[in-house]
Amino acid sequence: MSTAAVTAPGEGWRKLDRRTLLVTAAVMSGVAGGAGVPAAIGLAGGMGLGRALAWVLPAALLLIAGGTGADYVRWRRTRYRIGPDRAELHTGLLLVKRRSLGRERIRTVDLTANLLLRILGLVKVRIGTGEQTGGESTLELDPVTRAEGERLRTELLDRAPSGTAGGAHRDGMLAVLDPRWIRYAPLSFVAPLLGGAAAGGVMQVGEWFGVQHEVLVWIGDRFRDTSIVVTVVVLVAAALLAGVVGSLGLWVEMWWNHRLEREPGGTLRVRRGLFTSRSVSIEERRLRGVELVEPLGVRLVGAARVDAVATGLTQDDDDKHTDLKTLLPAAPRAVADEVAARVLRETSSPTSTAGLIPHPRAARVRRLRWAVGSALVPVLVLVILGLLVSDVLLPIAAGCAVVLVPVAVALALDAYRNLGHGLSGGYLVARSGTVRRSTVALQRGGVVGWTVKQSYFQRRAGLVTLTATTAAGEGAYHVYDVGAGEGVAFAAEAVPGLLEPFLEE
């Protein structure tokens, strides 16, 4: 029996692949097992294993049958058609939903396949217009065969090569994953978060099985003759180790077999993933620039990741840890700059920090003032509580001041050093941040407006904050605390004719 997309009654209409029922049955079996095993263990303590299974198994079978039956109805009532002018999707039993997208509006055809879909040779296809209007701007085919998904992607994104698609780099592979880049994974903020989640998960599982008290007693016995400080340090180190292992596993899952390539017709394609494979396509005509992102830990070892600044890119609602705009994971800074240049078809990357204009010293004073003030707030609270409640808090306040103030000053000075702006060919470049430093290269032609902000304190210091408005990426990119006269002149030079009418008397 063929498992390819089946033509439904009516001209050109096709059905989804029927093996979606196998996928649903497998998923529901996992859900039933995950809920049923703890329930059976809990019930077995009071009524015996046989009676517990007699209660749990029928409920599990009913859950599996109900989920699979609902998916069968969805499969029977779903059909799609790709016509010369429109892509259409009809689905629903009582309330039939009909969605239609004009082919000239289609901008994205992304393929995703989890482990089950990959085993069966299936993919989920999301067809979008690049508009951030929710489900009305997307069609989702879940699932079709991989061959059908590739056919749809090729057919719907087939564009005549643009006359402006020349430049220093032609079609072909732009970047391939280097396994050595995995060393940057533990340096992100994900590692401590995963460590905390692992510790919480151990306690939650202990509560499910009614052994949480025993787990705490076991931990206490291990550290019975150890000081509280050493105990805390060891437990935090264990959590961090678990976080490091988790971050390595997450990196492998997300970025395994990563490839960035430019296809004929001007489409950038990112393919990656170990268990869940992903294919994201970005039309170059929607590209407005790139952004180099350097979280503090990654930046300290000279690495950065590359994000696309493009119109119509949204977060995947079904997979929150997937960032559809990322073109290259954390890699050596030189590699990131080179890939950025290839993506933009430039001989050198506009994101290079060479030639950026530093900001006035008044910007450094502002950052020092804010950083020291923020660091002293908890110190002041502890001092007040120490005077009113207990003298024990006063030494703690002094210790916090000794630790927090130098750290705040160091971060403030680093934030000032990272400020910079400039013009590089057809791109406006702005850099800022310390915990997360970003350098954005935005096409000057993609700027649709300027916002000039000046607070009372900025006015006294002679500074302004410029905001370049664009339809791509985050929608607004900032040049913080630049000199007032210099900033206005920079905005006028970056996009001639946009700001001048508002400056005329």
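The values are calculated or read from the model by the stated rules, or taken from the named source; none is laboratory data. Note that the coordinates shown come from a computational prediction; the quantities given were computed from them, not determined experimentally. Cβ coordinates were reconstructed from backbone atoms using ideal geometry, including for glycine residues, and neighbour counts include every protein chain displayed. When the accessible area is computed, the model is the full protein with side chains, heavy atoms only, and any ligands, DNA or RNA have been set aside. Shrake-Rupley method; radii C 1.70, N 1.55, O 1.52, S 1.80 Å.
Filter the range 381-397 for residues that are assigned to a helix (DSSP H, G or I) and free of Cβ contacts under 8 Å to residues at least 12 places away in the same chain; which is nearest to VAL482 (Cα to Cα)? Restricting to residues being assigned to a helix (DSSP H, G or I) and free of Cβ contacts under 8 Å to residues at least 12 places away in the same chain, the top hit is VAL381.
Could you say which residue among LEU300, LEU292 is over 18 Å from GLU261 (Cα atoms), at pLDDT 85 or above and in contact with a Leu (Cβ under 9 Å, 6 or more places away or on another chain)? Answer to the selection: LEU300.
LEU423 falls short on exactly one of the conditions (1) outside any helix (DSSP H, G or I); (2) farther than 18 Å from GLY497 by Cα, and that condition is (2).
Every residue, every condition in (1) buried (at least 22 other Cβ atoms within 10 Å of the Cβ); (2) touching a helix residue (DSSP H, G or I) at 6+ places or on another chain (Cβ under 9 Å), yes or no:
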{"residue": "VAL452", "(1), (2)": "no, yes"}
{"residue": "PHE457", "(1), (2)": "no, yes"}
{"residue": "ALA461", "(1), (2)": "no, yes"}
{"residue": "LEU466", "(1), (2)": "yes, yes"}
{"residue": "THR469", "(1), (2)": "no, no"}
{"residue": "GLU474", "(1), (2)": "no, no"}
{"residue": "VAL479", "(1), (2)": "yes, yes"}
{"residue": "ALA484", "(1), (2)": "no, yes"}
{"residue": "ALA489", "(1), (2)": "no, no"}
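Can you spot a residue in the range 240-247 that is over 20 Å from ALA175 (Cβ atoms), part of a helix (DSSP H, G or I), open to solvent by less than 40 Å² (accessible area, probe 1.4 Å) and not polar (S, T, N, Q)? Yes, the range 240-247 has at least one match. Which one of the conditions (1) among the polar types (S, T, N, Q); (2) under 21 Å from GLY149 (Cα atoms); (3) out of contact with any Asp or Glu (no Cβ under 7 Å at 6 or more places or on another chain) does SER100 fail to meet, given that it meets all the rest? Answer for SER100: the failing condition is (3). Taking residues in the range 86-100 that are at pLDDT below 85, and partners anywhere that are open to solvent by less than 100 Å² (accessible area, probe 1.4 Å) and not in a strand (DSSP E or B), the pairs with Cβ atoms closer than 8 Å and at least 6 places apart or on different chains are LEU93/VAL73.
Of everything in the range 209-239 that's acidic (Asp, Glu) and exposed (fewer than 11 other Cβ atoms within 10 Å of the Cβ), which residue is nearest to the chain's Cα centre (by Cα)?
Initially, the range 209-239 is screened for residues acidic (Asp, Glu), giving 214, 221, 225.
From the residues that got through so far, the ones that are exposed (fewer than 11 other Cβ atoms within 10 Å of the Cβ) too are 221, 225.
Working: ASP221: 42, ASP225: 45 Å.
Going through the qualifying residues, I end up with ASP221.
Considering only residues that are farther than 21 Å from GLU474 by Cβ, touching a residue at least 12 places away in the same chain (Cβ under 8 Å) and either touching a strand residue (DSSP E or B) at 6+ places or on another chain (Cβ under 9 Å) or not polar (S, T, N, Q) (or both), which ones fall in the range 338-352? Show your work before the answer.
Narrowing the range 338-352 to residues farther than 21 Å from GLU474 by Cβ: 338, 341-342, 345-348, 352.
Among the residues that remain, those that are also touching a residue at least 12 places away in the same chain (Cβ under 8 Å) are: 341-342, 345-347, 352.
Matches in the range 338-352: ALA341, ARG342, ARG345, GLU346, SER352.
In the condition set (1) open to solvent by 70 Å² or more (accessible area, probe 1.4 Å); (2) over 19 Å from GLY425 (Cβ atoms); (3) among the small types (Gly, Ala, Ser); (4) at pLDDT below 90, SER390 is compliant with all but (1).
This table checks each residue for (1) of a type outside the set (Lys, Arg); (2) within 18 Å of MET254 (Cα to Cα).
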{"site": "ARG269", "(1), (2)": "no, yes"}
{"site": "ARG285", "(1), (2)": "no, no"}
{"site": "GLY289", "(1), (2)": "yes, no"}
{"site": "VAL306", "(1), (2)": "yes, yes"}
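From the list ARG153, ARG159, exactly one residue is open to solvent by less than 70 Å² (accessible area, probe 1.4 Å), within 30 Å of LEU89 (Cα to Cα) and at pLDDT below 80. Which is it? Give the steps one after another, and end with the answer.
On the way: ARG153 fails: at pLDDT below 80.
Only one candidate passes the filter, namely ARG159.
In the set GLY462, GLY475, GLY497, only one residue is touching a strand residue (DSSP E or B) at 6+ places or on another chain (Cβ under 9 Å) and modelled with pLDDT under 90; that residue is GLY475. Applying the set (1) surrounded by 12 or more Cβ atoms within 10 Å (Cβ to Cβ); (2) without any contact (Cβ under 8 Å) to a residue 60 or more places away in the chain; (3) closer than 30 Å to THR439 by Cβ to LEU376 leaves exactly one unmet item: (3). Annotation note: Cβ proximity below 7 Å between a residue of the range 177-202 that is farther than 12 Å from ALA303 by Cα and a residue that is of a type in the set (Ser, Thr, Tyr) (sequence gap 6+ or interchain) occurs for PRO186/SER247; VAL190/SER247; ALA191/SER247; LEU194/SER247.
Within the range 67-78, can one find any residue that is modelled with pLDDT under 90 and open to solvent by less than 60 Å² (accessible area, probe 1.4 Å)? No, that holds for no residue.
Limited to the range 328-360, what total is found for residues that are part of a strand (DSSP E or B) and open to solvent by less than 50 Å² (accessible area, probe 1.4 Å)? Write out each step before concluding.
Keep residues of the range 328-360 that are part of a strand (DSSP E or B), which gives 328-332, 357.
Then drop every residue that is not open to solvent by less than 50 Å² (accessible area, probe 1.4 Å), which leaves 328-332.
Final tally of qualifying residues: 5.
The set of residues in the range 92-116 that are surrounded by fewer than 19 Cβ atoms within 10 Å (Cβ to Cβ), in a strand (DSSP E or B) and not basic (Lys, Arg) comprises SER100, GLY102.
ARG272 meets all of the listed conditions (1) open to solvent by 40 Å² or more (accessible area, probe 1.4 Å); (2) within 30 Å of GLY195 (Cβ to Cβ); (3) not hydroxyl-bearing (Ser, Thr, Tyr) but one, namely (1). Looking across the range 12-28, just one residue is surrounded by fewer than 19 Cβ atoms within 10 Å (Cβ to Cβ), under 12 Å from ARG74 (Cα atoms) and hydrophobic (A, V, I, L, M, F, W, C), and that is LEU21.
The residue of the range 278-296 that is farthest from the chain's Cα centre (by Cα), among those that are open to solvent by 20 Å² or more (accessible area, probe 1.4 Å) and over 21 Å from GLN443 (Cβ atoms), is LEU296. Every test in (1) hydrophobic (A, V, I, L, M, F, W, C); (2) open to solvent by less than 50 Å² (accessible area, probe 1.4 Å); (3) at pLDDT below 95 is passed by LEU385 save one, and that test is (2). Just one of (1) surrounded by fewer than 16 Cβ atoms within 10 Å (Cβ to Cβ); (2) closer than 26 Å to ILE282 by Cα; (3) of a type in the set (A, V, I, L, M, F, W, C) fails for VAL31. It is (2).
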